[in-house]
Amino acid sequence: MLYIDAGTSFSKIMTTNGEMLDKIAPIKINEGKYFYIIPSQNLSELGVLFDAGTGHMSKDYLKNGAKLENEILALAYGIKKIQSKQENLTVLDIGSRDTKWVRFENGKYKELDWNTACASATGATIEMICRFYNIDVKILPPNDEKYPVTCGVFGMEKIMDEIAKTKNVNSAVAKYIHGIAFNAWNFAQKPSKIFLSGGFCENNCFVKSLEKYCAVEKLGRFVLVEGLFS
């Protein structure tokens with residue numbers, strides 16, 4: 001069985017029953033499951049169709065009659081599976097195009113929200129900025145200061161203004177990332193702890209900035225795809 005969470009930039013894939021994909025190497029192997037990450041633009045090169053999927057890029061790569069799951073439901077199902085012993089939790093997932101969170105209390109769904117408007121370019125904007133300035137967010141030090149931004153595009157203006165004045169690229173980008181972390185915490189209604197899902201788990205500057213406001217537990221990039229497996 002093949003499962004896919006096909007995002008704008010990257011697709012996360014899981015195979016079960018010891019089944020492997022031929023053309024790419026797995027990121028990890030766990031209990032007979034193989035996990036992969038591939039740029040979404042390269043999906044067609046795999047030459048495979050999937051049994052279930054989520055994410056707006058997945059519909060073109062599903063078998064006839066395959067299950068297409070809503071992303072926030074896949075997130076909820078995935079966190080319940082991965083953190084089955086946690087009665088109370090908030091899981092936050094930030095992608096290239098959106099930010100979404102789900103809260104459980106006493107083991108039951110409580111509330112959720114999904115922002116595809118002002119935060120829709122968050123992940124993609126950070127990727128583009130860091131590529132342009134050749135910045136590695138895994139080693140970029142966090143900044144105690146932050147930009148008051150709620151939109152990735154408007155945040156770019158803040159970055160360019162500071163770089164023009166100070167020539168300090170790292171500081172400007174770190175302030176922007178801190179602002180995004182603060183906004184994400186507020187958007188999730190200021191929980192004392194966040195279970196973080198998605199590619200931002202690998203953005204150390206973001207994680208350290210978010211930890212200024214709450215405890216953070218990183219879950220990695222396969223929460224949604226785990227939510228497809230039953």
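Brief remarks follow.
- Counted residues, segment 183-207 - those being touching a residue at least 24 places away in the same chain (Cβ under 8 Å) and more than 16 Å from the chain's Cα centre (by Cα): 4
- Residues that are open to solvent by 20 Å² or more (accessible area, probe 1.4 Å) and of a type in the set (Gly, Ala, Ser) were ranked within segment 52-94; the one that is modelled with the lowest pLDDT is Ser84.
Table: residues versus (1) more than 18 Å from Thr116 (Cα to Cα); (2) more than 16 Å from the chain's Cα centre (by Cα); (3) touching a residue at least 40 places away in the same chain (Cβ under 8 Å).
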position: Ile38; (1), (2), (3): yes, no, no
position: Ser44; (1), (2), (3): yes, yes, no
position: His56; (1), (2), (3): no, no, yes
position: Lys67; (1), (2), (3): yes, yes, yes
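- Output for segment 145-179, where each listed residue is part of a loop (DSSP other than H, G, I, E, B) and without any contact (Cβ under 8 Å) to a residue 40 or more places away in the chain: Glu145, Tyr147, Pro148, Val149, Thr150, Cys151, Lys167, Asn168
- Members of segment 183-229 found to be of a type in the set (Gly, Ala, Ser), open to solvent by 40 Å² or more (accessible area, probe 1.4 Å) and touching a Ser or Thr at 6+ places or on another chain (Cβ under 8 Å), listed by number: Ala215
- Any hit, segment 115-126, residues being within 27 Å of Ile180 (Cα to Cα), open to solvent by 60 Å² or more (accessible area, probe 1.4 Å) and among the β-branched types (Val, Ile, Thr): yes
- Some residue of segment 20-41 being within 24 Å of Thr122 (Cβ to Cβ), at pLDDT below 95 and open to solvent by less than 40 Å² (accessible area, probe 1.4 Å): yes
- Among the residues listed as Leu224, Leu196, Leu219, the single one being in a helix (DSSP H, G or I), under 30 Å from Asp51 (Cβ atoms) and in contact with a helix residue (DSSP H, G or I) (Cβ under 9 Å, 6 or more places away or on another chain): Leu224
The values are calculated or read from the model by the stated rules, or taken from the named source; none is laboratory data. Fair warning: this is a prediction, and the values are worked out from it, not measured in the lab. Ideal geometry is used to build each Cβ from the backbone, glycine not excepted, and the neighbour counts take in all protein chains shown. With ligands, DNA and RNA removed, areas are computed over all heavy atoms of the protein, side chains included. Shrake-Rupley method; radii C 1.70, N 1.55, O 1.52, S 1.80 Å.
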